[in-house]
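A.B. asks: Supplied in structure tokens, the structure appears directly below.
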Amino acid sequence: MNFTEKIKSDKILNTIIENFHNEIYLVGGAVRDFFMGIDSHDRDLIVIDEDAKEFSLRVAKLFDAVYVPLDEENKIYRIVMPNKIDYLDITNPIGSLEKDLMRRDLTINALAISLRNGDLIDICGGLTDIKNKTINYILDNNFVDDPLRLLRIYRFQAIYGFDISVDTVEAVCKYAKLIKKPSVERVNYELLRMFGGKYADIALTNMDKACLLQEIFPFVAELKKVPPNSHHHLDLFNHSIETVKQIQIIYENSDSNVKEHMDSVDFGGHSRLAHIKMAAFMHDIGKFSTWTIEENGRHRFIKHDDIGAKIAQKFLKEMHFSNKQINYICQMIKNHIYPSSVMSSPQITDKIMMRYLRKMDRNCVDNIILAKADRLSARGPEITEQIVRQNIDSLNKLLDFCLNNIEILKPIPILLNGNDVMKLLNIAPSPELGAIMNALHEAQISGDVLTLEHAREFVISYKAKNF
């Protein structure tokens, strides 16, 4: 299929051709994806012979679409189609079309196709780089103009698995410190796109080699200080990256229902898979500050899960992640040992597994996948293949239980609220009340409290024993 046929087969682009006589070019990612055989829902257009705003308004009216001015100063406008899946970003070239392409981040994104005649504009060798699966930058000054382009290099590597040219790596090393200049919201977007990629572990490793990773994640320096030990064949930094890799492998080998769950976008505009891989990279950040070595040489990291969740919460807040994203990632970090602890009980019952399911709720699948990835990434001299297999088998059992019961799981009823407990016990709002309410909730999760009468007896007894 040639370019003209490809454009005509695209309903949106063909409608524009039929209704407008402007000089219009499809540019950037949509062109790149065309050459790679990937369907694209976002199409970037450059209109040469009309003001981009006026043209965008006419396009929006034609499609009965939503017009969104993204950047009035630089004349960038978004047209969101009625299906809310497809959209167009429309702008005028900065200077000539050729100069505009030269201002882009990577050669593979500096391609343009004329909608009128299908001519390809490739002044940077982007098509050759696509064929050779290579990421090349264009100009040093483009990184200075927008340092976020440094991170985009690794986002594209994570998604496509392309190699990065030596010259490009050297340029990243040169400008790595500039990554602090873009807004943290823009950095977050690129990070989660990267973590969502199949080759995120490779991208993380190469970001570190180019001195970019630590500029974004300061805790990387501490991860590198914790060496291998009897339970871990890798140092903590490489263990963290290996855990990201193992999550991707587990995902690829999972059933369709697990994949569908991990592909769902429930917070932050990115998949659960992207978020759990970010949590995997951070799951042991509490180990350095809790690290002790006993007389027998054993390395201990007591409560590193709790400490790690607190460190992560502070970092994620500073990076302006949403509350839902922070709660999810921190819950994963705090509970990454929890599934294995549940399944190490002397006698594993449905009641024990149901308690886990009630506590983790919809996040149980994600949490078990993280636990499995953590286990597969830690194979020190004391960890036999039998230990690994038994742990994975038990986690698979817990996963099956959760998948079979999660849809019938009913919300825990509120048997007594705070006012009820204060009246019953004749106490005022206080930490004591909070502790009692938490204990009651845990008792309901465990199935030890099922009725209103049970709840009253429980709080009276709990207060007598603890206060």
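Read-outs throughout are calculated quantities, based only on the coordinates presented, and are distinct from any laboratory measurement. If you're wondering where the values come from, they're calculated on a predicted model, not measured in any experiment. Note: ideal-geometry Cβ built from the backbone for every residue, glycine included; neighbour counts use all protein chains shown.
A.B. asks: Can you pull the three principal axis extents for the Cα set of the stretch 336-467, in Å, largest first?
C.D. replies: Sorted largest first, the three principal extents are 56, 33, 23 Å.
A.B. asks: Once Rh for the stretch 121-207 is found with the Kirkwood sum over Cα pairs, what is the Stokes-Einstein diffusion coefficient at 10 °C and 1.306 mPa s, in µm²/s?
C.D. replies: Working: Rh = 13.2 Å.
Value of D from the Cα-based Kirkwood radius: 120 µm²/s.
A.B. asks: Taking the alpha-carbon centroid of each part, what is the distance from the stretch 208-266 to the stretch 311-354 in angstrom?
C.D. replies: When both Cα centres are located, 16 Å separates them.
A.B. asks: Rule-of-thumb check for the stretch 3-132: C-alpha Rg over 2.2 N^0.38 Å? If you can, show how the numbers build up before the last one.
C.D. replies: On the way: Rg = 13.8 Å, N = 130, 2.2 N^0.38 = 14.0 Å.
Cα Rg divided by the expected 2.2 N^0.38 Å: 0.99.
A.B. asks: Further question: Normalised by the number of residues in the stretch 159-257, what is the relative contact order in percent for Cα pairs under 8 Å and 6+ residues apart?
C.D. replies: Values: 68 pairs, mean separation 26.6, N = 99.
Relative contact order comes out at 27 percent.
A.B. asks: How high is the relative contact order of the chain, given as a whole-number percent (alpha carbon pairs under 8 Å, six or more residues apart)? List each step's numbers first, then the result.
C.D. replies: Numbers: 689 pairs, mean separation 42.4, N = 467.
Computed value for the chain: 9 percent relative contact order.
A.B. asks: Next up: If you count the DSSP beta bridges with both ends in the chain, what percent of them are antiparallel, to the nearest 5? Walk me through the numbers on the way to the answer.
C.D. replies: Details: 24 of 31 bridges.
Taking every DSSP beta bridge with both residues in the chain, the antiparallel ones total about 75 percent.
A.B. asks: What value in Å³ per residue do you get for the convex hull of the alpha-carbon atoms in the stretch 27-68?
C.D. replies: Numbers: hull volume 3.6 nm³, N = 42.
Each residue corresponds to 85 Å³ of Cα convex hull volume.
A.B. asks: Give a residue-ordered list of calculated ³J(HN,Hα) values for the stretch 300-309 (Karplus: 6.51 cos²θ - 1.76 cosθ + 1.60, θ = phi - 60°; whole Hz; x for Gly, Pro).
C.D. replies: 10, 9, 5, 6, 5, 5, 5, 5, x, 5
A.B. asks: Using alpha-carbon pairs under 8 Å, 6+ residues apart, how would you state the relative contact order of the stretch 3-132 in percent? Walk me through the numbers on the way to the answer.
C.D. replies: Numbers: 223 pairs, mean separation 35.7, N = 130.
Rounded, it is 27 percent for the stretch 3-132.
A.B. asks: Something else now. Please grab the % of Cα pairs in the stretch 262-369 that end up more than 25 Å from each other.
C.D. replies: On the way: 1619 of 5778 pairs.
It works out to 28 percent of all Cα pairs.
A.B. asks: Next up: Percent of alpha carbon pairs in the chain separated by more than 39 Å? List each step's numbers first, then the result.
C.D. replies: Numbers: 39610 of 108811 pairs.
Cα-Cα pairs in the chain separated by more than 39 Å: 36 percent.
A.B. asks: Over 14 Å, how big is the tail of the calculated P(r) for the stretch 418-466, in percent of all Cα pairs?
C.D. replies: Values: 529 of 1176 pairs.
That tail contains 45 percent of the Cα-Cα pairs.
A.B. asks: Short version: ³J(HN,Hα) in whole Hz for each residue of the stretch 382-399, in order, from phi by Karplus 6.51 cos²θ - 1.76 cosθ + 1.60 (θ = phi - 60°), x for Gly and Pro, what are they?
C.D. replies: Taking θ as phi minus 60°, the curve returns 8, 9, 7, 4, 5, 4, 4, 5, 4, 5, 5, 4, 5, 5, 5, 5, 5, 4 Hz for the stretch 382-399.
A.B. asks: Any idea how far apart Asn417 and Ile348 come out in nm if each label point goes 7 Å out from Cα toward Cβ?
C.D. replies: A separation of 4.0 nm, rounded to one decimal place.
A.B. asks: For Asp263 and Ile387, FRET efficiency with R0 = 25 Å and r from the beta-carbon atoms, rounded to 0.05? Write down the numbers at each step before the final one.
C.D. replies: Values: r = 31 Å, r/R0 = 1.26.
That pair, Ile387 with Asp263, gives E of 0.20.
A.B. asks: Output the peptides 205-212, 289-296, 64-71, 117-124 sorted from most to least packed, where packing is the average of other Cβ atoms within 10 Å over each peptide's residues.
C.D. replies: 205-212, 117-124, 64-71, 289-296
A.B. asks: For the stretch 229-269, restrict the atom set to alpha-carbon positions and state the Rg and Dmax in Å.
C.D. replies: Here Rg and the maximum Cα pair distance are 13.9, 40 Å.
A.B. asks: Using helices alone, I'd like the mean residue ellipticity at 222 nm for the chain: each DSSP H run of four-plus residues gives -39500 (n - 2.57), total over residue count, nearest 500. Don't jump to the answer; show the numbers that get you there.
C.D. replies: Numbers: 25 runs with 260 residues, N = 467.
Only helices count here, giving -16500 deg cm²/dmol.
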